[in-house]
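Worksheet: one structure, shown below.
The values are calculated or read from the model by the stated rules, or taken from the named source; none is laboratory data. Just so it is clear, the model here is predicted, and its values are computed rather than measured. FYI the Cβ positions are ideal-geometry reconstructions off the backbone, even for glycines, and counts take in every protein chain you see. Just the protein is used for accessible areas: all its heavy atoms, side chains included, with ligands, DNA and RNA removed. Shrake-Rupley method; radii C 1.70, N 1.55, O 1.52, S 1.80 Å.
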Amino acid sequence: MEGFTALFEQYDVLGAFWVNIQLAFWAALWSLILGTVLALMRISPIPSLQWFGAAYVNIFRNTPLTIIMVFGSLALWSQLNVSLSSDFTTNFFRLAVLSLTVYHAAFFCEAIRSGVNTVPLGQAEAARAIGLGFLEAARLVIMPQAFRGAIAPMGNVLIALVKNTTVAATAGVALETSSMMKTMIEFNPNLMTQIFLTFAIGYVIIVIPIGLLTTWASKKLAVAR
Amino acid sequence: MSAQNVLFDAPGPKARRNIMVGNILGVLLIAALLWVAISGLADKGQFDAAKWTPFLEWRTWEYFMLPGLLSTLKAAAVAVVTSIVFGLLFGIGRLSAFKPISWVCGLVVEFFRAVPVLLMMVFFYQFLSKSTSVNPEQVPFYAVVIALTLYNGSVIAELVRSGVFGLPKGQREAGLAIGLTPGQSLRSIEMPQALVAMLPALLSQFVVILKDSALGTFIGYTELLDYARRLAAGEGNILPALLVTAAIFIALNWLLTFAAQRLSRRLGARAGKVLKIEDTIEPEGIEAPVPAAAPAKGAAK
């Protein structure tokens, strides 16, 4: 047990979790924005935009995140010289955020679209009847209700996103949890179960409240129908 | 495309003109985006024939892509079977009337759904290679399968549970009324119906298993992505190699999704409250895939 507590002095476990939380925060923000735009495209009356939105979702939802991550570090950075920061560590961090965003935007898009499906047809007809165009109807009538209906599925996407930040290890983000756990176990194989449980419980502690919170919010904010 | 008729009804002449203008602008915008991407790649020499010709040679497929695909499919297939077994065991366990069993099963399921698959893979890789006598060459394979099983099995356990909860209550009551015990009613009346109802969701969970098998590359399991990287190391064509690999995954997963949608449409009438695909298809749906609040219009896109 003594060796176990000493590990925490040697390795900055909380710091590793902090890296993952930051990854999750930025990726969630960007993919929510991108996902909303894609969802708007998919429900818009314009065929080319619908097609683009559908193509985006089908492509990125079916690609393993690991490939997108490897693409971000190996292809974008080393082949195409795309650099998002002059600082080595920050650059990989941002590339990882970019990969997470590209992947999860497809899922946010679908979550929002499922929220749109909860809005009754009559609402859209009423919006049309009082003379609102597509963008106005979407902004004033459909989307506010759709977002409230999409909280639960968006919560699922967010939870998946938090866990998926560990995949950043494959894109060269070395200070996050999965790479740190790997190093810690390699040097302390006798404590491997304790080390694994520490990281695992860390994720349980992060993920369960998000689930409870979004379930609570989705009930609290549900539009009474 | 059920959302279509939600937002607008048949457009009039003016709206039709606006839509056409918007359509043309949209096409131009998308074309411009693609042009920027493609010309950017061409400038970096990514369209040089040398980078792509390897994929026209049988050698590349024989020694890299096909063996990679084979081991990806092998891990995924084994994980599918073991996760179904795990899911059924713990799903039924969670429905058990004997509280301690249902609590333990609930705890296990909630735990493994919350832990990132990659953490489990890394742990089992180290665990198997240091604490057991498993053939070292086989260790990455076992680690991948165990991690995929624990996570996806837990999701399937939840599918089983919500499938049973989605059944009309009368089913169970009828079972009890003709003198079955709750366990018998679960096994012979509720489970068969729940399994039919969850088939589409189960199929889309296979997409998750297939995608997550690519994580094996991190612990040295030689699957498709790993072979693609080896090929790229030799040929210096990482971008084409990743694109071809991604295309293979997309094709496979799209087929699975397509099958799931067809199935859910066919079962739609039969299975009563069908699980909504949208809720479960997200890889990772940690929340119990609740039977749809709103009726799934035309089976989830």
Task: Coordinate range along principal axes, alpha carbons of the stretch A:107-215, Å, largest first - done: 70, 28, 14
Open item on the list: Could you work out the percent of alpha carbon pairs in chain B separated by over 38 Å, rounded to a whole number?
Closed with: 31 percent
Task: Interatomic Cα distance distribution for the stretch A:30-159, bins of 10 angstrom, percent - done: 13, 35, 29, 16, 7, 1
Task: A:Trp51/B:Val104 FRET efficiency (R0 51 Å; Cβ-Cβ; nearest 0.05) - done: 0.55
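For A:Thr90 and B:Leu28, FRET efficiency with R0 = 45 Å and r from the beta-carbon atoms, rounded to 0.05?
With R0 = 45 Å, the Cβ-Cβ based efficiency is 0.80.
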Task: Equivalent ellipsoid, the stretch B:104-221 (semi-axes from 5 times Cα gyration tensor eigenvalues, Å) - done: 36, 15, 11
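Where only protein heavy atoms count, and the probe is 1.4 Å, what is the accessible area per residue for the stretch B:135-241 in Å²?
Using a 1.4 Å probe on heavy atoms only, each residue of the stretch B:135-241 averages 35 Å².
If you stretched the chain out fully between B:Val36 and B:Ala177, how much longer would it get, using 0.36 nm times the residue separation minus the C-alpha to C-alpha distance? Don't skip to the end; give the middle numbers.
Details: separation 141, 0.36 × 141 = 50.76 nm, distance 6.87 nm.
Gain on extension, B:Val36 to B:Ala177, equals 43.9 nm.
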TODO: May I ask you to derive the relative contact order of chain A, considering only C-alpha pairs under 8 Å and at least 6 residues apart, and to give it as an integer percent?
DONE: 27 percent
TODO: Report, as an integer, the average count of C-beta atoms from other chains found within 10 Å of each Cβ along B:120-129.
DONE: 5
- [ ] Using a 10 Å cut-off on Cβ atoms, rank the peptides B:49-60, B:28-39, A:25-36, B:155-166 from the highest mean neighbour count down.
- [x] B:155-166, A:25-36, B:49-60, B:28-39
- [ ] Quote the accessible area belonging to A:Met192 in square angstrom, nearest 10, computed with a 1.4 Å probe and with ligands, DNA and RNA left uncounted.
- [x] 10 Å²
TODO: For the stretch A:154-202, state the semi-axes of the equivalent ellipsoid (square roots of 5 times the eigenvalues of the alpha-carbon gyration tensor), sorted largest first and rounded to whole angstrom.
DONE: 23, 14, 5
- [ ] Obtain the nm distance between the two label points defined at B:Asp43 and A:Leu221 by a simple spin-label model: each point lies 7 Å from its Cα along the Cα-to-C-beta direction.
- [x] 4.1 nm
Task: Per-residue mean of C-beta atoms belonging to partner chains within 10 Å, peptide B:36-48 - done: 1
Task: Enclosed volume per residue, in Å³, of the convex hull spanned by Cα atoms of the stretch A:7-99 - done: 124 Å³
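Quote the convex hull volume per residue of the protein assembly as shown, based on C-alpha atoms, as a whole number of Å³.
Convex hull of Cα atoms, per residue: 172 Å³.
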Task: Which listed pairs, of A:Lys182/A:Lys219; A:Lys182/B:Lys44; B:Lys74/B:Lys130; A:Lys219/B:Lys99; B:Lys169/B:Lys211; B:Lys51/B:Lys211, have C-alpha distances above 29 Å, in listed order - done: A:Lys182/A:Lys219; A:Lys182/B:Lys44; B:Lys169/B:Lys211
Open item on the list: I'd like to check one number: the per residue accessible area of the stretch A:142-216, probe 1.4 Å, reported in Å² as a whole number.
Closed with: 35 Å²
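Work out the mean other chain Cβ neighbour count within 10 Å for the residues of B:221-230 and drop it here as an integer.
Going residue by residue through B:221-230 and averaging, the value is 1.
Using only Cα atoms, what Kirkwood radius does the stretch B:21-180 have, in angstroms?
Across the stretch B:21-180, the inverse of the average 1/r is 20.6 Å.
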Open item on the list: What's the magnitude of the charge dipole for the protein assembly as shown around its Cα centre, counting Lys and Arg as +1 and Asp and Glu as -1 at the beta-carbon? Answer in Debye, nearest 20.
Closed with: 1900 debye
Open item on the list: Between A:Asn81 and A:Glu125, what is 0.36 nm times their sequence separation minus the Cα-Cα distance? Round to one decimal in nm.
Closed with: 10.8 nm
Task: Over chain B, relative contact order from alpha-carbon pairs under 8 Å, at least 6 apart, % - done: 22 percent
TODO: Between beta-carbons, use under 15 Å as the cut-off and find the net charge around A:Leu23, counting Lys and Arg +1, Asp and Glu -1.
DONE: +1
- [ ] At a probe radius of 1.4 Å, figure out the B/A buried accessible area, summed over both chains, and give it in Å² to the nearest 100.
- [x] 6300 Å²
Open item on the list: Once neighbouring chains are kept in place and the probe is 1.4 Å, which whole percent of the accessible area of the stretch A:130-225 is contributed by carbon and sulfur?
Closed with: 71 percent
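Just the projected area, averaged over all directions, of the convex hull on the alpha carbon atoms of chain A: how many nm²?
Numbers: hull surface 59.9 nm².
Mean projected area of the Cα convex hull: 15.0 nm².
Order the peptides B:99-107, B:231-239 from the highest to the lowest mean number of other Cβ atoms within 10 Å of their residues.
Per-residue mean Cβ counts within 10 Å order the peptides as B:231-239, B:99-107.
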